[in-house]
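What follows is a short report on a single structure.
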Amino acid sequence: MGGHGHGHGGEASDRGRLGSALVIISVVLLAEVLGAALTGSLALLADAGHLATDALGLAVALIATVLAQRPPSHHRTYGLGRAEVLAAALNALALLVVGVVVAAEAAARLAAPPPVAGVPLLVLGALGLVGNLAALAVLTRGGPPQNESGQKGSDQRSLNLRGALLEVMGDVLGSVAVLGVAVVMLTTGWRQADPVASLVIAALIVPRALALLREAAHVLLEGTPRDVDTAEVDRVLRRVPGVHGVHDLHLWTITSGRHAVSAHLVVDEARSLRCGDACVLDAAATALRSNFGLTHSTLQVEHADHADHEHTC
């Protein structure tokens, strides 16, 4: 016998925040591209490249949030919730490419860096910092959303939105680096400041991109949710009255904030005859929901004689 528990609340990503951040980042990007052409700064060009990737990432994230709201179908019974995770993975790959290209160009310029116009660079760096801080404020407005069990927590924030947040935080640091280059160039005339800052920007991009890619891959490869202890889930299920054993326990993430669990519960046949398998299913589903917020559960109840032979029948 099988039992199902489903969570319908889900986590609705805020399309308005992503859209507003995309507009701000696009304006800053245009200013930095023009500024890089005017000043000849690699650091500014590197930050513009980072911004271009972020603008593309925000656009993909925005599209993904629309796809994620589409209802399930016969062909996709979970819907398109994982479009957000795919978007995060694509953003991470794009960030890695930008980081590697910037690092290579910066290394090539270290020996003979070209001259850079300091004053325009200072102005553009300041404008970029203001714009990136505005985008960051938009994305963080309202705090972390609720998970499907109604609990708040930063670990439940959409992976898609978290990817966008990481990118914009990197943009803020990149703008700070550009400002630093401008100050050093104006006060000391040290040309190497520009490629050195570009290497710093690349060093900020690559680790964040790898971390985001690793997390997205973990979800896509049906990894166990990082905030749920599989061993503890097993122990909780075994403590349900009438349950003598648990096997074929699986935990995975459908999309950010939506976890699922399936398991086979071996029950006492005498107890099953007294109150029926439904009471065991209800107790197990309640335990999963109250202890772990797992509202999407698929549980199969079986007796000991079937558990020993289910794979050969």
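Here are some notes:
- Scalar couplings 3J(HN,Hα) for region 284-289, obtained by applying the Karplus form with A = 6.51, B = -1.76, C = 1.60 to θ = phi - 60°, are 5, 5, 5, 5, 5, 5 Hz; x denotes Gly and Pro.
- Summing Lys and Arg as +1 and Asp and Glu as -1 over all other residues whose Cβ lies under 15 Å from the Cβ of Ile25 gives a net charge of -4.
- Amide proton proximity set for Leu80, modelled H, under 5 Å, gap of 5+: Arg70
- Expressed to the nearest 5 percent, the antiparallel share of DSSP beta bridges inside region 230-307 is 55 percent.
- Placed amide H near His247: partners under 5 Å, 5+ positions off or other chain: His264, Val266
- FRET efficiency, Val100 to Thr286 (Cβ-Cβ, R0 41 Å, nearest 0.05): 0.25
No lab work stands behind these numbers, since they all come straight from the coordinates. The model shown is predicted, which means the values in this text are computed figures rather than measured ones. Backbone-built Cβ (ideal geometry, glycine too); neighbour counts: all protein chains shown.
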